[in-house]
Amino acid sequence: MLPILQVRDLCFHYDACKLALDGISLDIAAGERIAVLGPNGAGKSTFFLCLNGVLAPDSGKIILHGREINRKERKQLCEHVGVVFQNADDQIIAPTVASEVSFGPMNLRLERDEVARRVEYALDYMDLQTYRARPPHDLSGGEKKRVSIADLLAMESEILLLDEPAASLDPAGSERLEQVLGRLSDEGRTLVISTHDMDFALRWATRVVVLVAGKIIADGLPQAVLSDDAVLRSAQLRRPMLMDVWRTLCDRGLVCADAPCPASVQALARLLDDAAPDM
């Protein structure tokens, strides 16, 4: 089966002196949960905007369902690939939550009944019905994120790109966001999330991609990529805390050193419970 989206040798310059993307190649398959990591300025946001069609790459190919998308067809990317900006205020434009969520479907020139159906579905899904008449800019940071995700649900985007979605959220907001992401993933949606939260990347992602200076320097399973000290140094990243705990347990002979690090605290607890009779 072909991936939904394929990128080949993608390059993008903001000006003659600044190369933001330097030969990016990547396949995104249906249902993947991809965490994109890297230091500030690595090109993560630029990459997302190229995938979404907001920016036109200088060179390279973007292939949607096996068909190359040229510059004049970038609107098709907007219809299939949705993006949530790090700062929700940068993309919220309508005077009420309901009109904000309806904006995308209306631009697709859908029938009025279909627009209404999509808006109601998105508001219900993100628990925003009680906010429908409120101005989005009066909402909290977490509520604005939910509105931005509702925008994508109303567009029925195949791939959801979220740029630092937990930025500015308090712990309760981050937990609620992760629950929403889990539900979206369980329903088979394709999610690509840029984040600086290494612990989140380990427990949530099925695949980790690391960008440095506009290039992919690692792409693989979270346990493999996040335990590679050379990759972490190059990207100015730290190991997830759980991996540090796991190494300590391995060093003390409390767990099998050859076993991979569990992805979550809950998985570690189950493993220790299973091993308890033998310890």
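Loop by DSSP (not H, G, I, E, B), at most 11 other beta-carbon atoms within 10 Å: where is the longest site-free stretch of the chain for trypsin sites (Lys or Arg not before Pro)?
Numbers: sites that count: R109, R252.
It works out to 110-251.
Would you work out what percent of the accessible area of region 224-279, with all protein chains in place, is carbon or sulfur (probe 1.4 Å)? Display every interim value, and only then the final one.
Working: 1970 of 3650 Å².
Carbon and sulfur atoms account for 54 percent of the accessible area of region 224-279.
Please list, by residue number, every one of the GluC sites (Glu not before Pro) in region 57-155 that is coil in DSSP and has at most 10 other beta-carbon atoms within 10 Å.
Working: sites: E68, E73, E79, E100, E111, E114, E120, E143; in loops: E111.
Those that pass, being in a loop and sparsely packed, are E111.
Could you please state how large a percent of the accessible area of region 57-101 is carbon and sulfur, counting protein chains only and using a 1.4 Å probe?
Numbers: 1140 of 2390 Å².
Answer for region 57-101 is 48 percent, counting heavy atoms of protein chains only.
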Determine which residues of region 228-266 fall in the zone a paramagnetic label at L221 would reach in this model, i.e. backbone nitrogen under 12 Å from the point 7 Å along Cα→Cβ. 259-263
Mind listing the Cα extents of region 1-135 along all three principal axes, in Å, largest one first? 46, 34, 29
Grab the DSSP H runs of the chain that are 4 residues or longer, score each as -39,500 (n - 2.57), total them, divide by all residues and round the 222 nm result to the nearest 500 deg cm²/dmol. -11500 deg cm²/dmol
For region 118-190 versus region 1-50, the gap between their alpha-carbon centres in whole angstrom: 23
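Rounded to the nearest 0.05, what FRET efficiency do D127 and E68 have when you use their Cβ-Cβ distance and R0 = 51 Å? Before the final figure, lay out each step's value.
Working: r = 39 Å, r/R0 = 0.77.
Calculated value: 0.85.
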Write down the percent of antiparallel bridges among all DSSP beta bridges whose residues are both part of the chain, to the nearest 5. 55
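Report the Rg/Rh value for the chain, based on alpha-carbon coordinates and the Kirkwood definition of Rh. Each step should come with its number before you reach the end.
Values: Rg = 20.1 Å, Rh = 20.1 Å.
Expressed as Rg/Rh, it is 1.00.
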For the chain, what is the accessible area per residue in Å², given a 1.4 Å probe and the full set of protein chains? 50
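The values are calculated or read from the model by the stated rules, or taken from the named source; none is laboratory data. Because the structure is a prediction, the values reported are computed rather than measured. As a convention, Cβ positions derive from the backbone with ideal geometry for all residues, glycine included, and neighbour counts pool all protein chains shown. Please note that ligands, DNA and RNA were not included when accessible areas were found on the heavy atoms of the full protein model with its side chains. Shrake-Rupley method; radii C 1.70, N 1.55, O 1.52, S 1.80 Å.
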